[in-house]
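S.K.: Next up is a structure, given as structure tokens.
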Amino acid sequence: MESLLDVAGPLGLLVLALVDSTSMGTLVIPVILLVAGEGGARRVAGRTLLFLAVIGVFYLLLGIALLAGLLP
């Protein structure tokens, strides 16, 4: 039973990450940036990658804060 509890934590986290990755912010905003972009493909791709990098850094910092016990 203990091994089941050990697997449930990371597996639950994986499921939550997959659900979160299908949110409007991570799907629609990059598509809008790609479609409505002006200034060439490189500029549009750069803005899209910057947006996704900001989201990734935010989640990284939030995860570190949660692991450090800073948030309940």
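S.K.: State which residue pairs qualify: first residue in a helix (DSSP H, G or I) and inside segment 40-68, second residue open to solvent by less than 70 Å² (accessible area, probe 1.4 Å) and polar (S, T, N, Q) in any location, beta carbons under 9 Å apart, and separation of 6 or more residues or different chains.
M.R.: Leu52/Thr26; Ile55/Thr26
S.K.: What number of residues in segment 11-25 are surrounded by 11 or more Cβ atoms within 10 Å (Cβ to Cβ) and of a type in the set (Val, Ile, Thr)?
M.R.: The number of residues fulfilling the criteria is 0.
The values are calculated or read from the model by the stated rules, or taken from the named source; none is laboratory data. Given the structure is predicted, the values throughout are model-derived calculations rather than measurements. FYI the Cβ positions are ideal-geometry reconstructions off the backbone, even for glycines, and counts take in every protein chain you see. Quick note on the areas: whole protein, heavy atoms, side chains included, nothing else; ligands and nucleic acids left out. Shrake-Rupley method; radii C 1.70, N 1.55, O 1.52, S 1.80 Å.
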